[in-house]
Amino acid sequence: MTTDMLGLSKRRFLQGAAMTAASLTSLGVRKAYAAETYDIIVIGAGTAGLPLAIAAADRGARVLVIEKSGQIGGTLFMSGGQMAAAGTRIQKDKGIKDTPDLFFDDVMRLSNKKADTAIVRTYVNNATAAIAWLENLGFRARESDPIMGDAHAGFSIPRYFQGPESGRSILKVLRPAFMSGVANGRINILNWTSAAELVMSADRSVTGVIAEDESGIRTQYNARHVAITSGGYCANLKKFKELTGRSIHSRAVYAFSQGQGIDLGVAAGGVVRGGEQQVLSAVLLADRSYPSPAAVGSGPSTEGARMFGTLLSSDPRRRPPWEIRLNKQGQRYFAEDSVDVDYAQRAFSDQPEQRTWIVYDQEIFEKAPPLIRGSKEEVAGLFDLHPMFYAAPTLTELAGKIGLPAAAVTASVATYNASVASKNDAFGRQFMPQSIARGPFYAIELSALNVIGYAGLTVDKEMRVLRSDGSPVRNLYAAGEVIGAAATCGDTMVSGGSVTPAIVFGRMLGQKLLSQKA
């Protein structure tokens with residue numbers, strides 16, 4: 001166990017991120033073989049890996065955890081930590097009746113019936129026990145919870161909750177339990193170490209892992225079972241494009257989310273699914289040095305970001321839009337006033353280059369409720385200071401500054417103005433208080449942000465990694481973001497549909513693997 005397992009300096013974090021972004025093909029000076037055969041090797045000490053290791057160690061297993069960063073917790077340091085389950089204590093305390101069947105129906109409805117039914121059924125049937133386990137470890141939800149939802153489409157019953165410190169609230173209760181396993185010798189943790197290869201037998205069963213430390217030395221560790229819980233790929237722009245066919249422009253994600261766990265599973269015979277279901281949010285970025293940081297990042301109640309003390313408020317549930325949205329082709333592409341967050345995200349995700357522009361005029365600037373918090377003088381100044389803010393006396397000149405086809409921009413605005421006059425919009429928009437006709441004209445550019453990957457290793461309801469013919473790769477399992485959000489969320493984001501399944505499936509594997517023969 002390294003001394004910086006629970007925390008690391010910024011310098012070491014960045015060094016590790018650079019290491020994991022590089023190829024892991026260079027061989028070390030020697031290859032060592034560990035004498036001990038572990039019951040379970042867990043690749044990744046994050047949202048799924050920690051519950052797995054804890055549950056297995058509690059049942060007497062010898063567990064090896066391989067973690068490529070210098071700390072445990074993974075994305076829990078950055079995650080909102082939103083969870084959902086049916087029949088929880090916090091529901092019962094407030095007189096809310098709920099069942100796994102109702103939960104299942106809600107998830108399938110919200111996921112547009114594109115989530116994996118077997119995976120969802122396993123998730124909802126085991127979620128209540130997993131949350132009770134967290135509560136026994138000391139987790140407590142916010143006093144205001146549970147709720148129907150906020151950042152995403154709501155459930156039909158209040159079941160959505162989180163801790164007061166978001167994902168860190170979960171980590172705070174998992175950490176002591178994990179450290180107890182380390183202290184009693186049931187868990188061995190290797191930090192700053194990557195899983196470079198899976199060890200395969202002649203019959204293509206997985207029998208261990210070749211780990212690579214910071215100095216490039218590789219050591220083979222053998223095990224009865226191997227579980228990949230190493231997270232997603234959203235910090236790897238090349239891998240993101242390869243798996244989803246879409247662009248992402250922001251680096252506001254966990255630096256170690258490089259997609260190596262997916263590569264390990266594929267090398268062992270597994271297959272990837274769900275990339276076509278990737279959905280993205282439109283946010284304001286700080287610059288065009290892609291991957292750019294979001295100007296502050298998106299939150300549960302805003303689609304936008306803070307810059308120079310201002311806040312872009314473009315969530316129609318809180319401020320009906322006076323403006324329109326144009327895509328790279330200079331065309332409108334959805335009803336901007338829709339309060340269906342998932343509809344808006346899916347529409348944006350399908351646009352060329354995953355960029356969009358908020359367009360309006362001087363009259364809207366003067367009359368509309370503030371789109372950007374601050375005085376009119378401060379807001380006007382952003383169009384001189386911020387690289388994503390544009391202003392021009394005519395629409396043709398504005399289009400030139402943005403880089404959009406001028407004819408398409410002027411035609412889109414003219415068509416919208418006709419819709420305002422007739423009160424009949426082709427996209428079904430209802431809130432159209434003002435035409436866009438008096439210069440100067442303004443545009444604010446938004447680009448794609450995502451914090452979770454929808455592509456992932458295909459698994460069955462027992463979390464076994466599957467081949468293209470549906471047969472399992474023997475002794476190989478996966479849980480967490482490495483199986484992709486599409487498995488539990490379809491082509492949208494179901495509230496709690498990432499963190500909760502990771503905890504559920506990780507804990508489930510830790511409970512069950514010891515009873516299975518290798």
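The values are calculated or read from the model by the stated rules, or taken from the named source; none is laboratory data. The model shown is predicted, which means the values in this text are computed figures rather than measured ones. Glycine also receives a Cβ, built like all others from the backbone with ideal geometry; neighbour counts cover every protein chain displayed. Accessible surface areas use protein heavy atoms only, side chains included; no ligands, DNA or RNA. Shrake-Rupley method; radii C 1.70, N 1.55, O 1.52, S 1.80 Å.
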**Asked** Within the group Ser435, Ser495, Ser447, Ser471, which residue is modelled with pLDDT under 95 and either farther than 30 Å from Ala85 by Cα or out of contact with any strand residue (DSSP E or B) (no Cβ under 7 Å at 6 or more places or on another chain) (or both)?
**Response** Ser447
**Given (1) open to solvent by 40 Å² or more (accessible area, probe 1.4 Å); (2) closer than 14 Å to Gly497 by Cα; (3) in a loop (DSSP other than H, G, I, E, B), index of the condition Asn125 fails** = (3)
**Message:** When the residues of region 168-185 are narrowed to those that are small (Gly, Ala, Ser) and in a helix (DSSP H, G or I), which ends up farthest from Pro100 (Cα to Cα)?
**Reply:** Ala183
**Within region 146-162, tally of residues that are closer than 14 Å to Gly87 by Cβ and aliphatic (A, V, I, L, M)** = 1
**Prompt:** Give me the pairs: first residue in region 123-148 and under 24 Å from Met508 (Cα atoms) and modelled with pLDDT under 95, second residue among the small types (Gly, Ala, Ser) and surrounded by fewer than 19 Cβ atoms within 10 Å (Cβ to Cβ), beta-carbon distance under 9 Å, and six or more apart or on different chains, which are they?
**Reply:** none
**Message:** Let me confirm something: among Glu242, Glu143, Glu165, Glu214, which residue is over 21 Å from Gln82 (Cα atoms), open to solvent by 40 Å² or more (accessible area, probe 1.4 Å) and in a loop (DSSP other than H, G, I, E, B)?
**Reply:** Glu214
**Item:** Of all residues in region 76-100 being touching a residue at least 12 places away in the same chain (Cβ under 8 Å) and outside any loop (DSSP other than H, G, I, E, B), the one that is nearest to Asn126 (Cα to Cα)
**Value:** Pro100
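Per-residue answers, yes or no, for (1) within 30 Å of Asp203 (Cβ to Cβ); (2) touching a residue at least 24 places away in the same chain (Cβ under 8 Å); (3) touching a Phe, Trp or Tyr at 6+ places or on another chain (Cβ under 6 Å); (4) crowded, with 19+ Cβ neighbours inside 10 Å:
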| site | (1), (2), (3), (4) |
| --- | --- |
| Val420 | no, no, no, no |
| Asp425 | no, yes, no, yes |
| Tyr454 | no, yes, no, yes |
| Leu457 | yes, yes, no, yes |
| Val465 | yes, yes, no, yes |
| Asp469 | yes, no, no, no |
| Val473 | yes, yes, no, yes |
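Any residue that is modelled with pLDDT of 95 or more and open to solvent by 50 Å² or more (accessible area, probe 1.4 Å) - is there at least one of those in region 377-388?
no
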**Message:** Under 6 Å between Cβ atoms, which residue pairs at least 6 apart in sequence (or on different chains) link something in region 165-192 that is more than 17 Å from Asp39 (Cα to Cα) and in contact (Cβ under 8 Å) with a residue 24 or more places away in the chain with a partner that is surrounded by fewer than 20 Cβ atoms within 10 Å (Cβ to Cβ) and of a type outside the set (A, V, I, L, M, F, W, C)?
**Reply:** Ser166/Gly80; Val173/Gly138; Asn191/Thr2; Trp192/Glu214
**Prompt:** Where residues in region 392-412 are touching a Lys or Arg at 6+ places or on another chain (Cβ under 9 Å) and open to solvent by less than 30 Å² (accessible area, probe 1.4 Å), which of them is nearest to Asp315 (Cα to Cα)?
**Reply:** Ser412
**Prompt:** Quick one: would you say Leu102 is in contact with a His (Cβ under 8 Å, 6 or more places away or on another chain) and closer than 27 Å to Val339 by Cα?
**Reply:** no
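Limited to region 109-120, what total is found for residues that are in contact (Cβ under 8 Å) with a residue 60 or more places away in the chain and either surrounded by 17 or more Cβ atoms within 10 Å (Cβ to Cβ) or not basic (Lys, Arg) (or both)? Walk me through it before giving the result.
First pass over region 109-120, keeping only residues in contact (Cβ under 8 Å) with a residue 60 or more places away in the chain: 110-116, 118-120.
Still in the running and either surrounded by 17 or more Cβ atoms within 10 Å (Cβ to Cβ) or not basic (Lys, Arg) (or both): 110-112, 115-116, 118-120.
Total satisfying the criteria: 8.
Which members of region 35-60 meet the condition of being of a type outside the set (D, E, K, R), in contact with a Lys or Arg (Cβ under 6 Å, 6 or more places away or on another chain) and not in a helix (DSSP H, G or I)? Reasoning before the result, please.
Quick first cut of region 35-60, residues of a type outside the set (D, E, K, R) only: 35, 37-38, 40-57, 60.
Subset that is in contact with a Lys or Arg (Cβ under 6 Å, 6 or more places away or on another chain): 38, 51, 55, 57.
Hit for region 35-60 is Tyr38, nothing else.
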